[in-house]
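Right, one structure below, let's go through it.
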Amino acid sequence: MTDTRGIPPHDPLAAGLSAADDRIRLSTWLPPQEGVAPRIRLGKRWINVLWIIPIIVVLMILGIAIAQQLRTLPGVQEFIARYPGTTPASGAVYSGFPLWLRLLHFFNFFFMMFIIRAGIQILADHPRLYWRRDCTPGTDWFRFQHDVPKDRVWTSKDDSVTIPKWLGIPGIRHSIGLARWWHFSFDLLWVINGIAFYVLLFATNQWQRLVPTTWAVFPNALSTALQYLSLHFPADHSWTSYNSLQQIAYFLTVFVAAPLAVVTGLMQGPAIANRLGWFARILNRQAARTIHFGVLWWFLIFIFIHGTLVLITGARANLNYMWAGVNNNSWDGALIFGAALIVAIIAWCIASPFTIRHARLVQRIGQAAVGPLMALAEWGSPKTQYTEQEISPHFWLNGTLPNSDIFNALVKDGFATYRLRVSGLVEQPQDFSYAQIKAMPKHGQITEHFCIQGWSGVAQWAGVRMRDILEIVKPTAAARYAVFYSFSEGSEGGGYYDVHKIHNMEHELTILAYEMNGAPISVLHGAPLRLRCENELGFKMVKWVQAIEFVADFADLGGGNGGYNEDHEFYGYRMPI
Ligand SMILES: Nc1nc2c(c(=O)[nH]1)N[C@H]1C(S)=C(S)[C@@H](COP(=O)(O)O)O[C@H]1N2
Ligand SMILES: [Mo]
């Protein structure tokens, strides 16, 4: 029963997969859902973060009043005279602001814009932050969503919220797949830009502007802060050297915040965290997410204060330095900055509508830009395991339960008549009964689950290794992928399925689990069998597995992108990060 190329016909379940649109149709997409204003938890109370605004205004007024009084004290005047704000001229740069520096500064600003917007969109897919890796409801310290309802099944998809289209990219609910392409593609550009910046800084003398080389920066920074706060600004020498407060702020942004953003971003990926186990214990996924969010705030506050000071401490001169590279009285800097701003605003306005209309294109471009780099993370073989004490008290749910008569009948008889069909490019196609599967060597592991939406959880799983199944069915040399077909449908109809590289199936921690936390796996979590593959994100671990097929290519399955969420939600087919 093979065609002329020796390829057997697909598993009959392939006919139940659905094709997919290349754009987002808002009529069939997950309906919008508003969250709440962002809140921070203090003990049991949730405080609206908007309170920060009046608090800052009051603190600013108090700060100005106090700083002005302080400056009337002789001791303070002496201090400011001794430490005027800029450290001695040794660090001064007399070569101006070269073109490369001005360009990289612009690119940084342009890339950041999309990174920040897409990052907020990603957060909206699981609008809660925690310090602990278990994500138990009520342990979140920040959220823009209500309490988790206790009276019904509440999936993590149910929890996602809509944000404005001008803020997120693309704003609509559960659009994390597309937001990640924006985030990661611009991350890559931003990192390349950042490396070029580091290299050129140190290849020239420009690093002297940013890197403090004397302890005198601290008293000078304090002096500068007092001078700004009292609204008597310090003398400006920005053309040759920044004041110490600027120097410290720029140094921290370039050399601390930026690398921290990269590290805390990467540590949220299963392949990396499960490879660097010791590090993932120190910096678990939720701590990494929380710090990543902290870095976001550093950048936002920095951009706000930096932008404000540029404009109120002599806008024309400042813009001339950084945008035109000249130290004169012209309007060149303001003109170039204005033009750059217009480009940025246009790009800002186009991003969301473009993404909704050309979702597949965004997925393809993203996949081409960062897919191969991300897939590199699969090289590291996952190995991190946890202890029984570390098992999460709560494990979020995702997915639509199967509701076919066949499945309901199987549940009723305890899966006694369940058969796992394994077919395709194998020497020995086989139907395994549930009893047969359980008679095979049982393998247990305590591992961490990483949902693409942002939550994580540790559970003990036990089941049969895919490696042992492979040994029985013997995939042929042509088999490159394993397709997992589920009993359930995806959210827009059509069977749920996902495709894995065969390499991942040979790993010792890749199992078909029938037990979770020491008990038979519940129907909610994927009975009778659910896949565990520890170097991929959660959506690739198909629950309610009905059949497995080995194939050489997946372009003719479903929408052709390698899985249900890949077809319908524009995810990438290899997602180890
Ligand atoms: N059949 C099927 N399997 C699925 C899904 C689904 O929607 N249908 N969702 C996936 C996603 S997105 C995640 S995070 C995990 C969640 O597993 P859990 O519900 O046991 O936590 O299942 C994965 N497997
Ligand atoms: Mo997920």
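The values are calculated or read from the model by the stated rules, or taken from the named source; none is laboratory data. Source: prediction; values computed, not measured. Cβ atoms come from the backbone with ideal geometry, glycine included; neighbour counts cover every protein chain shown. With ligands, DNA and RNA removed, areas are computed over all heavy atoms of the protein, side chains included. Shrake-Rupley method; radii C 1.70, N 1.55, O 1.52, S 1.80 Å.
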Exercise. Under a plain spin-label model, where a point goes 7 Å from the Cα along Cα-to-Cβ, how far apart in nm are Val262 and Arg41?
Worked result: 3.4 nm
For this session: Return, for the Cα atoms of region 39-378, the radius of gyration and Dmax in Å, separated by a comma.
Result: 22.5, 68
Problem set entry | Square roots of five times the Cα gyration tensor eigenvalues for the chain, Å | 53, 25, 22
For this session: May I ask you to compute the full-extension gain from Ile61 to Ala519, defined as 0.36 nm times their residue separation minus their alpha-carbon distance, rounded to one decimal in nm?
Result: 158.8 nm
Problem set entry | Per-residue [θ]222 nm for the chain (sum of -39500 (n - 2.57) over DSSP H runs n ≥ 4, rounded to 500) | -13000 deg cm²/dmol
Exercise. For the pair Leu200 and Arg316, what calculated FRET efficiency results from E = 1/(1 + (r/R0)^6), where r is the Cβ-Cβ distance and R0 = 25 Å, to the nearest 0.05?
Worked result: 0.40
For this session: Mind ranking 239-252, 168-181, 193-206 by how tightly packed they are, going by the mean number of other C-beta atoms within 10 angstrom, highest first?
Result: 168-181, 239-252, 193-206
For this session: Over 19 Å between C-alpha atoms is what I'm after, so list which of Lys157/Lys540; Lys150/Lys540; Lys44/Lys150; Lys150/Lys543; Lys157/Lys543 land there.
Result: Lys150/Lys540; Lys150/Lys543
Seminar exercise, completed: Ranked output for segments 231-237, 71-77 by mean other Cβ atoms within 10 Å, highest leading, reads 231-237, 71-77
Seminar exercise, completed: In Å, the C-alpha Rg and Dmax of region 1-152 are 28.8, 97
For this session: Could you check how much of the accessible area of the chain is carbon and sulfur, as a whole percent, using a 1.4 Å probe?
Result: 66 percent
Exercise. In the P(r) worked out for region 438-492, what percent of Cα pairs fall beyond 19 Å?
Worked result: 57 percent
For this session: Just grab the label-to-label distance for Asp413 and Thr213, each label 7 Å out from Cα along the Cβ direction, in nm (one decimal).
Result: 8.2 nm
For this session: Distance between Cα centroids, region 185-236 to region 528-571: provide it in whole Å.
Result: 47 Å
Exercise. Can you run phi through the Karplus equation (6.51, -1.76, 1.60; θ = phi - 60°) for region 33-40 and list ³J(HN,Hα) in whole Hz, with x for Gly and Pro?
Worked result: 8, 7, x, 10, 4, x, 10, 10
For this session: Output ³J(HN,Hα) for region 252-262: one whole-Hz value per residue in order, computed from phi by the Karplus curve 6.51 cos²θ - 1.76 cosθ + 1.60 with θ = phi - 60°, and x for Gly and Pro.
Result: 4, 5, 6, 9, 10, 4, 5, x, 5, 4, 5
Seminar exercise, completed: Given a 1.4 Å probe, the accessible area of the chain per residue, as a whole number of Å², is 46 Å²
Problem set entry | With 10 Å bins from 0: P(r) over region 221-269, alpha-carbon pairs, percent | 23, 36, 22, 14, 4
For this session: Would you mind working out the magnitude of the charge dipole of the chain relative to its Cα centre, with +1 at each Lys and Arg C-beta and -1 at each Asp and Glu C-beta, to the nearest 20 Debye?
Result: 1200 debye
Problem set entry | Cα-only Debye scattering, region 262-377: base-10 log of I(q)/I(0) at q = 0.10, 0.11, 0.15 Å⁻¹ | -0.57, -0.68, -0.96
Exercise. With each label point set 7 Å from Cα along the Cα-Cβ vector, what nm distance links Asp405 and Ile52?
Worked result: 5.7 nm
For this session: For the chain, find the longest principal axis of its Cα atoms and tell me its angle to the long axis of helix 52-70, 0 to 90°, nearest 10.
Result: 30 degrees
For this session: Treating only the Cβ atoms of Lys and Arg (+1) and Asp and Glu (-1) as charged, compute the dipole magnitude of region 64-223 about its Cα centre; round to the nearest 20 debye.
Result: 140 debye
Exercise. With no solvent and one point on each alpha carbon, what is the Debye value of log10 I(q)/I(0) for region 328-428 at q = 0.15, 0.21, 0.23, 0.25 Å⁻¹?
Worked result: -1.14, -1.10, -1.13, -1.19
For this session: Using a 10 Å cut-off on Cβ atoms, rank the peptides 379-385, 109-115, 568-574 from the highest mean neighbour count down.
Result: 568-574, 109-115, 379-385
